[in-house]
Structure formats: structure tokens, C-alpha cells
1. For residue 44, which of the numbered conditions (1) closer than 21 Å to residue 76 by Cβ; (2) in contact (Cβ under 8 Å) with a residue 60 or more places away in the chain fails to hold?
2. Taking residue 150, is it under 24 Å from residue 100 (Cα atoms) and in contact with a strand residue (DSSP E or B) (Cβ under 8 Å, 6 or more places away or on another chain)?
3. Those residues that are assigned to a loop (DSSP other than H, G, I, E, B) and touching a helix residue (DSSP H, G or I) at 6+ places or on another chain (Cβ under 6 Å), I need them from the range 60-80; list them, please.
4. Provide a single number: the residues in the range 325-356 that are under 31 Å from the mean Cα position of the chain (by Cα) and surrounded by 15 or more Cβ atoms within 10 Å (Cβ to Cβ).
5. Exactly one of these conditions fails for residue 246: (1) in the same structural domain as residue 327 (by TED's automatic domain parsing); (2) surrounded by 15 or more Cβ atoms within 10 Å (Cβ to Cβ). Give me its number.
6. Could you please find all residues in the range 194-213 being modelled with pLDDT under 95 and either out of contact with any helix residue (DSSP H, G or I) (no Cβ under 6 Å at 6 or more places or on another chain) or part of a loop (DSSP other than H, G, I, E, B) (or both)?
7. From the list 238, 259, 269, which residue is touching a residue at least 60 places away in the same chain (Cβ under 8 Å) and not assigned by TED's automatic domain parsing to the domain that holds residue 172?
């Protein structure tokens, strides 16, 4: 990277390098071989806390402590970890920070897609060298998994269920035997300690490929829940929006708490199919309305307010991005959103400004 340039999204181990360094310096607990931190310190890094020297560790995940403890304990063993949940439940965020804390490197990543081939999970070939010299170790192009096995690092596989089923099964030998056969060389790569796999998956997205029972048995599965309460989700959204603004150097004032609360309330109600008080049933749109989408709506609203408004987030700034987040299928979602505006938003005290701003966009 050239000097003077700012990375748009630094990796976790870069963005939180000071915290990781402080944790490592004061970590007196047992560290599994190949780990940068002890399991207890990894949990502290994810959930936050204050160290003996006064260093404050910022929370990366807001949720059940036991859930993170189970995930970390899984990685201490030779079992791979599968984080399952609907979009926006922080699966990717947690996997990145786990890899950064354990291995000091979150970049060994396989992004699952419908077109992914087996080479992306195993290895490829430098065909110019292959033609010139024939099969050899020098001609191999290692996959992130092969690199993780030889260096003893955590490897992340995103959207495992988007990978075709026959390609998924290339992982079975790797996860069960901790070896990667190379038939062309009559050889194999054996994983060294510290290697493991963290995969993420959701079963509500289009294009999902079911995991075979043989592959699923190789993982310990942790289900990532949506935030349990309105207050918890508001805190997550406020924290992540503030982090994004700092990272992108957006000169925006603090978020109005009332606007954040209104947005999160709308998302939770449309997601659950009922109002927060449970008195009114609501039809849910096709969009997932995840916490991640709420963060995106607020980031867009803040950008509008900063560059095209008076600098403070108002209902019309929020409505512009909110409508687009909810209406993904115009025929199906627009009537449901309009009905929600009329039966819920319009009836709420002090919500008239948001109702009017949303109605204009329909």
C-alpha cells in the first residue's frame, strides 16, 4: 500500500492492532499451540473489557457470552466451527475477529459462490510452469486452506451453503484427517497445530445448497441469533455506525437516539410480524431487515444529512434509505409497507414527520 493512502476497510488485526497487542502483553493464561492469545483473552477481545493496565477493549460482539465461549472452545479442539444464522446476525464479523485474535491473520478467506470450483478449496496450478516442468511443488498454487494448513492459521469460509454440494465435500478429508492429498505428486499436506476452519452459512438465502450429513458432522454448529431486545439492537447499531463514521472520516454529529430507536423498532416489527407490544399483527416483507441493513440505512441517512442537509439526521434523511431497504420486490413489498405506515406509523405519537417523509416516497 502506498504511503499516505488510507485503506477503505482495514482487516480486523490492523484496525484493532493496539488492543491485540495489549491483550497479548498481559495474557498470562495458557495459549494453545499456534494461538496468539489464550481462549480467555480471545473472548475478552470479542466481548470487550478493561485490562489491568487500564486499556479498554472495545466490544466487537453484543450478545450472549456463552455463545462466544462455545465458539472459542470449539476452535481449541480439532473440530471446525460453523456459524449459522440469517443475514445480518454478525456471522462474518465474528469469524473475522476470531481469526484475527487467534491467528493474527483474518485474510485466509474463501468466499463461497455458486460458481466456486474445487481448486479454490484445495489447490490450483501455474499452468505455464506445469507445461514447462510437469507437476511439481513449485507449480502448485496454494488455496487459502492449503496456506492455513502449512502455517497453522485459521481459515474462513464464507457462505458455505452457496458452494455446490460436490465442491463442499472436498472439505471432508481436510476436516476429518487434517490432510490435503495431492494425487498428482503422490503426496499430501498435513496441517500443523493452529489450523482450523470457521465457516458461515444461512438457510434463508436463495441458492442454498444443503450440507451433506458427512460434512455437517465435521463441524460444531453455533446458531447466531438476532439481538434479543430492542435496547440491545439499538446499542449494536449505534456502535457500528459510529465505527463506520470514524473509519470513513465522515464529519457527522452524534446520531439522534430517537431516530435510531424508531428505525430499529420498524425493522424488528416488520421482521417479527407484530408490533413491539404484541397487539397488532403485521405482514412481513421479502427483505431480511437485518441489523446490518439498519446500520446501512443510518450510514446512508447520515451521509445525506451531512452533504445535502443541515448536518443533523432527520426523518426525511432516514426515509430515503429506509424505503429502499424494505421494498425489494415492488409488487409484494410496497403494499405491505404502505399498510404498515397507515396502521402503525401513522398512529404513533411524535412519528408524523417520519410518516410524511415515507409517504412522499411511495
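1. (2)
2. Against the criterion (under 24 Å from residue 100 (Cα atoms) and in contact with a strand residue (DSSP E or B) (Cβ under 8 Å, 6 or more places away or on another chain)), residue 150 qualifies.
3. Matches in the range 60-80: 60, 61, 62.
4. 11
5. Status for residue 246: all satisfied but (2).
6. Going residue by residue through the range 194-213, those that are modelled with pLDDT under 95 are 201-213.
Answer for the range 194-213, where residues must be modelled with pLDDT under 95 and either out of contact with any helix residue (DSSP H, G or I) (no Cβ under 6 Å at 6 or more places or on another chain) or part of a loop (DSSP other than H, G, I, E, B) (or both): 202, 203, 204, 205, 206, 207, 208, 209, 210, 211, 212, 213.
7. Numbers: 238 fails: touching a residue at least 60 places away in the same chain (Cβ under 8 Å); 259 fails: touching a residue at least 60 places away in the same chain (Cβ under 8 Å).
Being touching a residue at least 60 places away in the same chain (Cβ under 8 Å) and not assigned by TED's automatic domain parsing to the domain that holds residue 172 holds for just one of 238, 259, 269, which is 269.
The values are calculated or read from the model by the stated rules, or taken from the named source; none is laboratory data. Keep in mind the model is a prediction, meaning the values are calculated, not measured. Note that each Cβ is placed from the backbone with ideal geometry, even for glycine, and that neighbours are counted across all protein chains shown.
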